[in-house]
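Contents: one structure, followed by commentary.
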Amino acid sequence: MPRFDVLTLFAGYFEPLRTQGICRRAFDSGAVQLHTWNPRDFASGAHRSVDDRPYGGGPGMVMLAEPLLAALRAARQAREQAGAPPAPVLLFSPAGRALRQADVQRLAQSPGAVLVCGRYEGVDQRFIDRHVDAEISLGDFVLSGGEIPAMALIDAVARLQPGVLGDELSAQQDSFSDGLLDCPHYTRPPLFDGLEVPQVLLGGDHARIARWRRDRMLELSWRRRPELVLAMERAQRLDRDDQRLLRALRERDAGADDRQAPDPGYT
Ligand code: 9WO
């Protein structure tokens, strides 16, 4: 059902989404639609420029508002002609609000969105002020353009479409679908590089396995992303067993003299 209209100077980025893996199934079945619009096709002048030098000086170039608006109008018109309801215009930027799985779930059940992919040093602010409904960030880093975040969003929406994952349950069972990080997974062999599979997973006690997985989700989330657990607690989404484990984790923290070390980063 969701239709994405992507404003981009580099439509080629999006081809692999149509032809590879899980996303391909979503496109083949028509569960997700993707149309790209190149601002250059809507630029005027002999050079069909889509960028110009920044007022006030400084390095790099800024995307012109007018070709973007012309592309947006064409996308809107095509949506209307296809009978697609109006959809929000989203721009990918590190200055945006962090994308969450709840946003993805909402988009997956919506008519879709128009995705604006910036390039160069950025987009003329007046286009954003007048025509962008929300700015979305995938994290605190800078890319050469908004295409890869747009692909990430489309991928996240596509895999939630009914029938796309094959196993309907796996979309409900992954990280964040329940507001917590996922539990660890194991498969054959039973012994790898001196490491065994947790014994509980080798027995057939499905209630014990479910409880073990839930405990690991809570434990991992508590260590790495305590705010996720606190949000679940506030929303009263922790059952009695969850609350018992959380109490134990807090007692362990209180007794520990090895305070949680700060994240050392990647370098
Ligand atoms: C870049 C930037 C840097 C610091 C603070 C705010 C910022 N906004 C932008 C921006 O909108 N840049 C445009 C899109 C043009 C240059 C490439 N663009 C971009 C988007 N780089 N990185 C992103 C991005 C988007 C979502 N999540 C992470 C990074």
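The values are calculated or read from the model by the stated rules, or taken from the named source; none is laboratory data. Keep in mind that this is a model prediction, so the values were computed, not measured. Ideal geometry is used to build each Cβ from the backbone, glycine not excepted, and the neighbour counts take in all protein chains shown.
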Please work out which residue is surrounded by the most Cβ atoms within 10 Å (Cβ to Cβ), limiting yourself to segment 180-220 and to residues that are outside the structural domain of Arg237 (by TED's automatic domain parsing), touching a residue at least 12 places away in the same chain (Cβ under 8 Å) and closer than 28 Å to Glu233 by Cα. Leu180
Scanning segment 7-40 for residues that are β-branched (Val, Ile, Thr) and touching a residue at least 60 places away in the same chain (Cβ under 8 Å), which turns out nearest to Ser110 (Cα to Cα)? Val32
Which residues, taken from segment 103-129, are free of Cβ contacts under 8 Å to residues at least 24 places away in the same chain and more than 14 Å from the ligand (Cβ to nearest atom)? Arg106
Among the candidates Leu17, Leu34, single out the residue that is out of contact with any His (no Cβ under 8 Å at 6 or more places or on another chain), assigned to a strand (DSSP E or B), assigned by TED's automatic domain parsing to the domain that holds Ser110 and within 20 Å of Pro149 (Cβ to Cβ). Leu34
The listed residue being within 16 Å of the ligand (Cβ to nearest atom), hydroxyl-bearing (Ser, Thr, Tyr) and at pLDDT 95 or above, out of Ser29, Ser49, Ser93: Ser93
Only residues that are loosely packed, with under 15 Cβ neighbours inside 10 Å and either aliphatic (A, V, I, L, M) or under 13 Å from the mean Cα position of the chain (by Cα) (or both): list them for segment 83-109, please. Ala95, Arg97, Ala98, Arg100, Ala102, Arg106
Determine if segment 55-64 includes at least one residue that is under 29 Å from Gly163 (Cβ atoms), of a type in the set (Val, Ile, Thr), assigned by TED's automatic domain parsing to the domain that holds His131 and touching a residue at least 40 places away in the same chain (Cβ under 8 Å). no
Do we find a residue being near the ligand (Cβ under 6 Å from one of its atoms), surrounded by fewer than 21 Cβ atoms within 10 Å (Cβ to Cβ) and without any contact (Cβ under 8 Å) to a residue 12 or more places away in the chain anywhere in segment 136-146? yes
